[in-house]
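Notes follow once the structure below has been shown.
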Amino acid sequence: MLETLLHHEFWLSLEYLPLAEQIGATWLFPLVNSLHVLSICLMLGALFMLDLRIAGVAARQYSIQQLERDFLPWVWGTFVVAVVTGVALFITRASAHVLNPAFQMKMLLMLLAAINMAFFHWCFRYNRNSVDSGSNRLSSKLAFSAVLSLLLWAGVMLAGRWIGHIV
């Protein structure tokens, strides 16, 4: 049974942590939830600017290096906040979340987004000369990876939104 495979007792033990109980039973839950949503919005706004530029859809007058310098600190900083707040929200109902199909889909899509990012960085390294020269023409692999990033993160957002509505 899936529940046995997911070590239900472990997930329940997370819910009984003093921190999880404090977050779940007080005003901290809506605060942490709000910070989670805000950090995701900021992260995706910055990431989408980069992805749209790399895909050649927007901001083509700016170099990728300039956008990378301006937006990557926002992407990573807000990603860290989103992860910390996401873990804080998760531990309040861990045993239910791990069995929730929407949560499972969110985690799968985040994993695919991470794999896509690794692929992008691998391709970017081998196309660095065309990027460094200021060329507006990037390889189709990089453009595809940017579009895929947009789609994967949109899926992460939708799946995250559905977590509270699917049992």
**Message:** So, in region 115-125, how many residues would count as being surrounded by 18 or more Cβ atoms within 10 Å (Cβ to Cβ) and either at pLDDT 90 or above or within 18 Å of MET43 (Cα to Cα) (or both)?
**Reply:** 2
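Yes/no per residue for (1) touching a Ser or Thr at 6+ places or on another chain (Cβ under 7 Å); (2) under 21 Å from VAL147 (Cβ atoms):
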{"position": "LEU14", "(1), (2)": "no, no"}
{"position": "LEU17", "(1), (2)": "no, no"}
{"position": "ALA20", "(1), (2)": "yes, no"}
{"position": "GLY24", "(1), (2)": "yes, no"}
{"position": "SER39", "(1), (2)": "yes, no"}
{"position": "ALA58", "(1), (2)": "no, yes"}
{"position": "GLN65", "(1), (2)": "no, yes"}
{"position": "PHE71", "(1), (2)": "no, yes"}
{"position": "LEU89", "(1), (2)": "no, no"}
**Request:** Could you figure out which of (1) over 30 Å from LEU12 (Cβ atoms); (2) of a type outside the set (Ser, Thr, Tyr); (3) free of Cβ contacts under 8 Å to residues at least 12 places away in the same chain isn't true of GLU68?
**Result:** (3)
**Asked** Restricting to helices (runs of 4 or more DSSP H) lying wholly in region 1-114: which have 1 or more residues that are of a type outside the set (A, V, I, L, M) and either exposed (fewer than 13 other Cβ atoms within 10 Å of the Cβ) or at pLDDT 95 or above (or both)?
**Response** 2-5, 8-15, 18-24, 28-54, 64-92
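So that you can scan it fast, the table gives a plain yes or no per residue for (1) over 18 Å from the mean Cα position of the chain (by Cα); (2) within 27 Å of HIS121 (Cα to Cα):
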| position | (1), (2) |
| --- | --- |
| PHE10 | yes, no |
| LEU14 | yes, no |
| GLU21 | yes, no |
| TRP27 | yes, no |
| PRO30 | yes, no |
| LEU52 | no, yes |
| LEU67 | yes, yes |
| THR85 | no, yes |
**Request:** Find all pairs meeting these conditions: Cβ atoms under 9 angstrom apart; at least six residues apart or on different chains; first residue within region 40-57 and within 15 Å of SER140 (Cβ to Cβ); second residue in a helix (DSSP H, G or I) and of a type in the set (D, E, K, R).
**Result:** VAL57/ASP51
**Prompt:** For LEU138, are the conditions met, namely being among the aliphatic types (A, V, I, L, M), at pLDDT 85 or above and over 30 Å from TRP27 (Cβ atoms)?
**Reply:** no
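The values are calculated or read from the model by the stated rules, or taken from the named source; none is laboratory data. These numbers come from a predicted model, not from an experiment. As a convention, Cβ positions derive from the backbone with ideal geometry for all residues, glycine included, and neighbour counts pool all protein chains shown.
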